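What follows is a set of notes on a single structure, which appears directly below.
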Amino acid sequence: MNENAVNSIQEQALDPKDFQIQGADTASAELFARKPVTYWRDAWRRFFKNKLAVVALCLLIVITLCTIFVPIFSSHSISAHDLLNRKQWPSAQHWFGTDDLGRDLFVRVWAGGRVSIIIGVLGAAIVAVVGCIYGGIAAYFGGKVDMLMMRIVEILSSVPNLLVVIMMSVVLESSSIPTLLFAMTVTGWCPIARLVRSQMLQISRSEYVMAARLMGVSPLKIVVRHMIPNTFSVIIVAVTFRIPGFIFGEAFLSYVGLGVQPPNTSWGALSSAAQSSLLYYPYMMFFPALLIALTMLSFTLMGDGLRDALDPKLRR
């Protein structure tokens, strides 16, 4: 068989139509690519995949809305006494029952939740701001300044928080909400400061920060554009975990008589007032204790979800 015959057979066997591109071509390949997403959008997407965290977030929203609107729109007053209806068990008229002075516990429990949630959120926000500033300064200057500032943190961390609150209450002769917040945050910012310092020291040695320094970027821009934004995720998670601690701290202090005083009330104060009637009227303590537990559990579950969503090392 000569060469011309071989070429003719190959041309007949290899039809160009058999090799046409089917489906997407080069021009439309980008249509099938995933839309670019930012870090925060991807974090929220992964957060909402965590069912427990979403349920905890919804529960916190419901509790917060109830603490805001129930005392406003309820037909019962927070402080109105009704001695004829003292120590009534939960009923259609009084959903959570009444206390030893005939006051409606449903309204008082939600009104007390305002104080507990405000102290928890504001306390966590204060320690986050103070801790970020203090830890950022220590990490930025380093050396002897860092060593001195961290020794101060260690000294403050060794002081028991309960002792600080007692001293503040005695010195200031007040048990108001601002005094309680101040006493609980005097040393509460120390763990946040340590966390921020360690994160910023780690970030300061990263490649993009070193490249920015070599390019002549000012230290202020490096801190603002690179170091602080890259610690947001860690700070958010830490603050979320700190809120339950402040709520429980306020409840404990109010339970032992060092918290908010009448006419203000809180979940801890309601639990303390119900202590003497626990054996005969357990519902007085059940509802405030239940809301304390649900709120703390919700913040903890939401913190776990935020940690899994924001920490790239824990991505699944």
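Checking the condition under 17 Å from Leu60 (Cβ atoms), open to solvent by 70 Å² or more (accessible area, probe 1.4 Å) and modelled with pLDDT under 85, which residue from Phe248, Phe252 passes? Full working, then the answer.
Working: Phe252 fails: under 17 Å from Leu60 (Cβ atoms).
So the residue among Phe248, Phe252 that is under 17 Å from Leu60 (Cβ atoms), open to solvent by 70 Å² or more (accessible area, probe 1.4 Å) and modelled with pLDDT under 85 is Phe248.
Select the helices (runs of 4 or more DSSP H) contained entirely in segment 180-245, then report the ones holding at least 2 residues which are modelled with pLDDT of 80 or more and over 15 Å from the mean Cα position of the chain (by Cα).
Working: elements: 190-204, 207-214, 219-222.
In segment 180-245, the matching helices (runs of 4 or more DSSP H) lie at 190-204, 207-214.
List the residue pairs whose Cβ atoms are under 8 Å apart, where the first residue sits in segment 278-289 and is within 12 Å of Asp99 (Cα to Cα) and modelled with pLDDT of 85 or more, the second is of a type in the set (Gly, Ala, Ser) and open to solvent by 60 Å² or more (accessible area, probe 1.4 Å), and the two are 6 or more positions apart or on different chains.
As it stands, the answer is Met284/Ala273, since those pairs meet every condition given.
Would you be able to say whether some residue in segment 164-179 is outside any helix (DSSP H, G or I), open to solvent by less than 80 Å² (accessible area, probe 1.4 Å) and closer than 27 Å to Ile137 by Cβ?
Just the residues of segment 164-179 that are outside any helix (DSSP H, G or I), to begin with: 173-176.
Within this subset, residues satisfying the condition of being open to solvent by less than 80 Å² (accessible area, probe 1.4 Å) are 174-176.
Now restrict to residues that are closer than 27 Å to Ile137 by Cβ: none.
No, the conditions are met nowhere in segment 164-179.
Test of understanding: among Val109, Val145, Val129, which residue is among the β-branched types (Val, Ile, Thr), buried (at least 21 other Cβ atoms within 10 Å of the Cβ) and either at pLDDT 85 or above or not in a loop (DSSP other than H, G, I, E, B) (or both)? Can you show your working first?
Details: Val145 fails: buried (at least 21 other Cβ atoms within 10 Å of the Cβ); Val129 fails: buried (at least 21 other Cβ atoms within 10 Å of the Cβ).
After ruling out the rest, the residue left standing is Val109.
Given (1) free of Cβ contacts under 8 Å to residues at least 24 places away in the same chain; (2) under 22 Å from Leu52 (Cβ atoms); (3) among the hydrophobic types (A, V, I, L, M, F, W, C); (4) open to solvent by 70 Å² or more (accessible area, probe 1.4 Å), where does Ala293 come up short, assuming only one miss?
For Ala293, the exception is condition (4).
Select, from Thr98, Thr64, the only residue that is surrounded by 19 or more Cβ atoms within 10 Å (Cβ to Cβ), of a type outside the set (A, V, I, L, M, F, W, C) and in contact with a helix residue (DSSP H, G or I) (Cβ under 9 Å, 6 or more places away or on another chain). So that I can check it myself, show each step before the final result.
Numbers: Thr64 fails: surrounded by 19 or more Cβ atoms within 10 Å (Cβ to Cβ).
Step by step, each of Thr98, Thr64 is checked, and only Thr98 is surrounded by 19 or more Cβ atoms within 10 Å (Cβ to Cβ), of a type outside the set (A, V, I, L, M, F, W, C) and in contact with a helix residue (DSSP H, G or I) (Cβ under 9 Å, 6 or more places away or on another chain).
With the requirement that a residue be in contact (Cβ under 8 Å) with a residue 12 or more places away in the chain and over 30 Å from Met227 (Cα atoms), what does segment 131-161 give you?
Val159, Asn161
Evaluate the following for Val170: is it at pLDDT below 80 and within 21 Å of Tyr134 (Cα to Cα)?
Values: at pLDDT below 80: yes; within 21 Å of Tyr134 (Cα to Cα): no.
Considered against the rule, which asks whether it is at pLDDT below 80 and within 21 Å of Tyr134 (Cα to Cα), Val170 comes out as no.
The values are calculated or read from the model by the stated rules, or taken from the named source; none is laboratory data. Computed from a predicted model, the values in this text were never measured in an experiment. Note that we place each Cβ from the backbone using ideal geometry, even for glycine, and neighbour counts take in every protein chain shown. Keep in mind that these areas ignore ligands, DNA and RNA; they rest on the heavy atoms of the full protein, side chains included. Shrake-Rupley method; radii C 1.70, N 1.55, O 1.52, S 1.80 Å.
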